[in-house]
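This report refers to the structure that appears directly beneath it.
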Protein chains: 2
Amino acid sequence: MQGGLPISVDMETQIIDDVMQQIVSKTMKHGEKIPSENELAAKYKVPRMTVRNALTKLEERGYIYSIQGKGRYLKEASTQIQLHLTGKTSFTDKMKEAGYDLKTENILCEMIAYNEQLFNKINANKEDSVYKIGRIRYINGEPIAIHYSYVSDKMFGEIEKDGPKIKSMFAYYRKLGYKEFASQKSLLSITFPTSEEQQLLFCKSMIPLIVVESECIDVASNEVLEHTKILYRSDKFKYDITMD
Amino acid sequence: MQGGLPISVDMETQIIDDVMQQIVSKTMKHGEKIPSENELAAKYKVPRMTVRNALTKLEERGYIYSIQGKGRYLKEASTQIQLHLTGKTSFTDKMKEAGYDLKTENILCEMIAYNEQLFNKINANKEDSVYKIGRIRYINGEPIAIHYSYVSDKMFGEIEKDGPKIKSMFAYYRKLGYKEFASQKSLLSITFPTSEEQQLLFCKSMIPLIVVESECIDVASNEVLEHTKILYRSDKFKYDITMD
DNA sequence: ACACAGCAACTTGGCGACAAGTTAAGATGA
DNA sequence: TCATCTTAACTTGTCGCCAAGTTGCTGTGT
């Protein structure tokens, strides 16, 4: 199996490669038991710790799980949801369109401290109050994204009162007379979840999160309505970024 | 510092949070020494192994490095290059436009075995030969992306001979008379590098890679020229995905 | 023949002792 | 006084033993 690679590749990575290869090639199916640490250690002629480290990484990446006293098993591969990352429709609409059972929970509405960069983005002055509204997006009961919106009370006077109840910002804006929206300056980057984010998204520390930040503007007036920051679980999504 | 969180957050994650917080808040600067494992173990009242695991993760994510016998130190934060992920210009042009010193190394040109999904994407029949051409992209001497192109000899008869010398596919296509290009069905996902990819990109196993797959088409004829797969180091880039 | 307790052989989980490397201070000798 | 070696006290790295949990076999008593 390991077929004598040249040199200098540490064995831990090699073991990960081998197991991953067996997963993607479907040599092993979900639920199947992985050979024990001692067996693998003997097979690769490495100390058990090396095998342990490799398997721990696979567990933290969400491919396997372990039960003390029993063994390690392959998890069922979670099917990745395809999502249009850009565009003019809201997160809520995108998911509804795609036919998914989307639920949203409002978890946060608080005033935040002054921050020059952020305040500038939404054209807020130092004297304005900026509110951070946080929601968690669930699909089939599974948390899959954390969605933060930053809005100023200059533009939305009732936001302090309304904020804690809002589930869709677009719906809120529509109720206030805004009709068409667009996103600007969308930036994508990768991060790992903090312990708080791990709790909210119910995931291990080694699941990368896709961070999308953008400004949402009102098409009619060209005004910036909010700054948006969404943290997606990268294991639950495939993103369609095709330009129309 | 750790300020009594409710419960059930394992200490390892908490230590990572704390160190990360000190990095982003610039409480600690690059090159600075991190407290020793024993000191941290005493501070958080956890076994040294827990501290070790936390610091090992930070090292594999590229934030710190360690020297046996000396200690652990903060790495200099690598500035992230901003890149337009979509669009009609080639990778080469994008980077040149942005003013970066881009070098490309051709590492691979080989015929690949039949694969229904892939062959269909580029309109190749089972009898055609499909070639996989691999290049590594360097910026300031640092490898930052692996770029694979899949082309059939049906469309490009000389590809077997020309392939190993190609550094920019777009330049090759232009030489053959194609003028304007577009990408279709762009899909973005996240993966971790295999040991081979780690060697090519000179990075640790815990640096997520951004995978972008798309079809490149000739605007004039609407024909699919190639299937493209690019693996970007997520720590070296921020992606601008704004729609024009 | 059957039920059940106990044990042995496996599994994964955790920790502590030691190995290996670095540094700086201090002893030693010319 | 100066150069050099020794040593002790730190650092990170590695390994192996034992704890904890599960399973199945086996012996024993009814």
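The values are calculated or read from the model by the stated rules, or taken from the named source; none is laboratory data. As the structure is a computational prediction, the values presented were derived from the model and not from experiment. When we count neighbours, we look across all protein chains shown, and the Cβ atoms used for this are built from the backbone with ideal geometry, even at glycine. SASA here: full protein model, heavy atoms, side chains in, ligands and nucleic acids out. Shrake-Rupley method; radii C 1.70, N 1.55, O 1.52, S 1.80 Å.
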Next item on the list: Mind listing the label-point distances from A:ASN38 to the same position on all other copies, shortest first, one decimal in nm, points 7 Å along Cα→Cβ?
Entry: 3.5
Next item on the list: Mind telling me which of A:LEU55, A:LEU225, A:LEU176 comes out most flexible in a GNM of chain A, alpha-carbon contacts under 10 Å?
Entry: A:LEU176
Check: Which whole-number percent gives the relative contact order of chain A, counting Cα pairs below 8 Å spaced six or more residues apart?
Finding: 18
Next item on the list: Point me to the residue of chain A whose C-beta lies closest to the A-onto-B rotation axis, rounding the distance to whole angstrom.
Entry: A:PRO208, 2
Note to self: What number does the range A:11-74 give for Rg over Rh if you use C-alpha atoms and the Kirkwood radius?
What the structure shows: 0.92
Item checked: Shielding by partners, peptide A:234-240 (average Cβ within 10 angstrom, other chains) -> 4
Notebook entry, point to check: What are the nm distances, shortest first, from B:ASP10 to its equivalents in the other copies, labels at 7 Å along Cα→Cβ?
Noted result: 1.9
Check: Picking from B:GLY31, B:PHE181, A:ALA220, whose Cα lies most toward the positive end of the charge dipole for the protein assembly as shown (charges on Cβ: Lys, Arg +1; Asp, Glu -1)?
Finding: B:GLY31
Checklist line | Teacher prompt: A:TYR73 distances to equivalent labels in other copies, 7 Å Cα→Cβ, nm | finding: 4.7
Notebook entry, point to check: On full extension of the chain, what length is gained from B:GLU196 through B:ASN222, given 0.36 nm per residue of separation minus the C-alpha to C-alpha distance?
Noted result: 5.8 nm
Next item on the list: Rounded to the nearest 0.05, what FRET efficiency do A:LYS29 and A:ARG52 give with R0 = 22 Å and r taken as the Cβ-Cβ distance? Could you check?
Entry: 0.40
Item checked: Average accessible area per residue (Å²) across the range B:145-244 - probe 1.4 Å, nucleic acids and ligands excluded -> 41
Note to self: 7 Å from Cα along Cα→Cβ at both B:ASN123 and A:VAL211: what's the point-to-point distance in nm?
What the structure shows: 4.2
Item checked: Over the range A:116-244: Kirkwood hydrodynamic radius from C-alpha pairwise inverse distances, Å -> 15.8
Item checked: For chain A, the spread of Cα positions along each principal axis, largest first, Å -> 67, 37, 36
Note to self: Ratio of alpha-carbon Rg to the 2.2 N^0.38 Å globular estimate for the protein assembly as shown, to two decimals, please.
What the structure shows: 1.05
Item checked: Simple Cβ-charge dipole of the protein assembly as shown, Lys/Arg +1 and Asp/Glu -1, about Cα centre, in debye nearest 20 -> 840
